[in-house]
Amino acid sequence: MPVVHRKDGRGVTIMRSDEALELWNSLKLLSMEDKESILEALENYFGKQLELSFRNLSRMDREEFQIIQSVVNGLILTQKYIPDIQLAYEEVKNKKLPSTISFGCISQEKKEKN
């Protein structure tokens, strides 16, 4: 089904279809704890109770929809690409790391010493 935008009686653009389905599928990737956390934050932001169902997403005001979409996608990206700090530390903990910081050009002599 194609994306359809329509205006309600107040002239507000309302979301429907493909984008709503895409967001709904993204929400399914989140844990219940994440969904509850997002919902609480969004309800505080909008100052009203929300229900993140497919039906509500597809009928939602476009501005609200885009905010919710950004929050959900941001959380998913953060979870997907968060570095494993412990693993990163384990890989370098016994290596000699640089202990000085300097700015400018590195001379050929210094390059050869390292």
Note to self: Among the residues of region 57-96, what is the count of those that are loosely packed, with under 14 Cβ neighbours inside 10 Å, under 30 Å from GLU19 (Cα atoms) and small (Gly, Ala, Ser)?
What the structure shows: 2
Notebook entry, point to check: What is the number of the single condition among (1) assigned to a loop (DSSP other than H, G, I, E, B); (2) closer than 21 Å to LEU23 by Cβ; (3) at pLDDT below 90 that SER99 does not meet?
Noted result: (2)
Item checked: Subset of region 25-56 (residues that are hydroxyl-bearing (Ser, Thr, Tyr), open to solvent by less than 50 Å² (accessible area, probe 1.4 Å) and either in contact (Cβ under 8 Å) with a residue 60 or more places away in the chain or under 16 Å from LEU77 (Cβ atoms) (or both)) -> SER26
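The values are calculated or read from the model by the stated rules, or taken from the named source; none is laboratory data. Values in this document were obtained by computation on a predicted structure and should not be read as measured data. As a convention, Cβ positions derive from the backbone with ideal geometry for all residues, glycine included, and neighbour counts pool all protein chains shown. Ligands, DNA and RNA are stripped out before the accessible areas are found, and what is left, the full protein with its side chains, is counted by its heavy atoms. Shrake-Rupley method; radii C 1.70, N 1.55, O 1.52, S 1.80 Å.
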